[in-house]
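Down below is the structure, laid out as structure tokens.
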Amino acid sequence: MPDDPTLSLPWPQARPLDDAFFQRDAQAVAQALLGKIIRHRVNGLWLAARIIETEAYYLAEKGSHASLGYTDKRRALFLPGGHIYMYYARGGDSLNFSAEGPGNAVLIKSASPWLDEMSPATALLAMQQHNPDAQGRPRAPERLCAGQTLLCRALALKVPQWNGQRFDYQRLFVEDLGLRPSQIIQTTRLGIPPGRDEQPPYRFVDASFARCCTRNPLRRGQLEGRDFQRLHPKEIH
């Protein structure tokens, strides 16, 4: 980021997150990112999505990419908070941000399309064109970013372009518009193979968007206290 971010804001009222936001414990960052807006400028349009689901990862656990060791592709994980780490998952791109401590990071698991003056309906249309369903039809907005690879496809975020980079206020940043979840659901992460520290409850979901995330933690059969916990505002950092 530039030394004086105000000199490069994309518009005067923009409120991008600074490095200090990310330079915290990964779980704290994962919770605090809920409600924040990812903005990516593509062909003159600011595509935007509100973060609704995140996962925290730590160097010391087997479930993290960093536990596999340092490589040039994983370099961003070992840099200070606020670096972009992208990788391929099941043939699609995935977006992460480094947090405090080498090897610690937050995966952006899913989001909800965001519309406002800077990201109007034409931006949503572009996102739907980037990420059609299996039949080539526009996805419903609530399913457009309902997964880490769907999110990146809709926002046109690509590993070769952004892995290892910093935020660029003219092209990609995360904005704080003052949106806060009234309740957060804390549960176990998804897709962690058995024996690779699959049990820690490092997945966080904005309860208001539970039905729109990768897998609804409040679906039938899930029991509070066994499968998930509710974090209320006084517990949210």
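The values are calculated or read from the model by the stated rules, or taken from the named source; none is laboratory data. The structure presented is a predicted model; accordingly, all values stated were derived computationally and were not measured. Cβ placement follows ideal geometry from the backbone for every residue including glycine, while neighbour counts extend to all protein chains displayed.
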Exercise. If His65 passes every condition in (1) over 20 Å from Trp46 (Cβ atoms); (2) over 17 Å from the mean Cα position of the chain (by Cα); (3) surrounded by fewer than 21 Cβ atoms within 10 Å (Cβ to Cβ); (4) not polar (S, T, N, Q) but one, which one does it miss?
Worked result: (2)
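With the structure loaded, tell me whether Ala49 is more than 27 Å from Met127 (Cβ to Cβ) and not hydroxyl-bearing (Ser, Thr, Tyr) or whether it fails that test.
Working: more than 27 Å from Met127 (Cβ to Cβ): no; not hydroxyl-bearing (Ser, Thr, Tyr): yes.
No; evaluated as a whole, the condition is false for this residue.
Look at the range 226-235 and say how many of its residues are loosely packed, with under 15 Cβ neighbours inside 10 Å and assigned to a loop (DSSP other than H, G, I, E, B). Steps first, please.
If we filter the range 226-235 for residues that are loosely packed, with under 15 Cβ neighbours inside 10 Å, which is where we start, we get 226, 229-230, 232-235.
Still in the list and also assigned to a loop (DSSP other than H, G, I, E, B): 226, 232.
Residues that pass the stated criteria total 2.
Residue by residue, here is whether (1) within 19 Å of Asp206 (Cβ to Cβ); (2) over 15 Å from the mean Cα position of the chain (by Cα); (3) surrounded by 14 or more Cβ atoms within 10 Å (Cβ to Cβ); (4) at pLDDT below 95 holds:
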position: Met86; (1), (2), (3), (4): no, no, yes, no
position: Arg90; (1), (2), (3), (4): no, yes, no, yes
position: Leu107; (1), (2), (3), (4): yes, no, yes, no
position: Met118; (1), (2), (3), (4): no, yes, yes, no
position: Ala121; (1), (2), (3), (4): no, yes, no, no
position: Gln148; (1), (2), (3), (4): yes, no, yes, no
position: Gly164; (1), (2), (3), (4): no, yes, yes, no
Exercise. Taking Asp25, is it surrounded by fewer than 20 Cβ atoms within 10 Å (Cβ to Cβ), within 17 Å of the chain's Cα centre (by Cα) and within 29 Å of Asp197 (Cβ to Cβ)?
Worked result: yes
Exercise. Has the range 206-225 got at least one residue that is within 23 Å of Ser98 (Cβ to Cβ), surrounded by 20 or more Cβ atoms within 10 Å (Cβ to Cβ) and not hydroxyl-bearing (Ser, Thr, Tyr)?
Worked result: yes
Exercise. Of the conditions (1) in contact (Cβ under 8 Å) with a residue 40 or more places away in the chain; (2) assigned to a helix (DSSP H, G or I), Arg196 fails just one. Which one is it?
Worked result: (2)
For this session: For Leu144, state whether it is more than 27 Å from Asp19 (Cα to Cα) and under 15 Å from the mean Cα position of the chain (by Cα).
Result: yes
Exercise. What is the number of the single condition among (1) touching a strand residue (DSSP E or B) at 6+ places or on another chain (Cβ under 9 Å); (2) surrounded by fewer than 21 Cβ atoms within 10 Å (Cβ to Cβ); (3) within 26 Å of Phe22 (Cβ to Cβ); (4) free of Cβ contacts under 8 Å to residues at least 40 places away in the same chain that Leu77 does not meet?
Worked result: (2)
